[in-house]
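Asker: Quick one: structure below, then a few questions.
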Amino acid sequence: DGRVVGVDVLAEASPGPAARAVASGAAEALREELGTPSDVQGSMDADGLATPWASARLRYQYRDTVVTLSAIHLPGRGVLVREQYLAAGLAGAAN
C-alpha cells in the first residue's frame, strides 16, 4: 500500500579508529534523538570495538517501531556498522 516499513543502512567495513568512530557517533546521535536504549549489548565506543570480533548492539523498541544499531569488528576488514529502522505495528511491545 505504499508505506515504508523498513530502512537498512550498512556502512562498509573499514579499518582504524575513524571507522570505530562511525559506530560511536551513530550511537550518540541515536541517544540524543531517542534517549536511553531499550537494550544494550557490548560497548559501541571506539575502545569497545578495537579488537577483532568485538561487537555491540543498541536497540530502541516502541509500540510500532524498532531501531537497531549494531557493529562488529571483522578481522582484516575493520568495523561494519548497520542501522535498521522497522515500522511493524508490534503488538504488546514496550512503548
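The values are calculated or read from the model by the stated rules, or taken from the named source; none is laboratory data. Worth saying up front: this structure is predicted, and the values here are computed from it rather than measured. Glycine gets a Cβ as well: all are built from the backbone with ideal geometry, and neighbour counts include every protein chain shown. Areas reflect the complete protein model, heavy atoms only, side chains present, ligands, DNA and RNA absent. Shrake-Rupley method; radii C 1.70, N 1.55, O 1.52, S 1.80 Å.
Asker: Given points 7 Å out from each Cα along the Cα-Cβ axis, report the V5 to E33 separation in nanometres with one decimal.
Answerer: Output for this residue pair reads 2.2 nm.
Asker: Here's something else I'd like to know. In Å², what does the accessible area per residue of the chain work out to with a 1.4 Å probe?
Answerer: With all protein chains present, the chain gives 60 Å² per residue.
Asker: Follow-up. How far is helix 17-34 tilted off the main Cα axis of the chain, in degrees rounded to 10, range 0 to 90?
Answerer: 20 degrees
Asker: In addition: Only loop residues by DSSP count here, and only those with at most 14 other Cβ atoms within 10 Å; note down the chymotrypsin sites (Phe, Trp or Tyr not before Pro) in the stretch 41-71 that meet that.
Answerer: Here the chymotrypsin sites (Phe, Trp or Tyr not before Pro) that fit, given the DSSP loop and packing criteria, are W53, Y62.
Asker: Moving to a separate point now. At 1.4 Å probe size, with no ligands or nucleic acids counted, give the accessible surface of R77 in Å², nearest ten.
Answerer: Per-residue accessible area (R77): approximately 130 Å².
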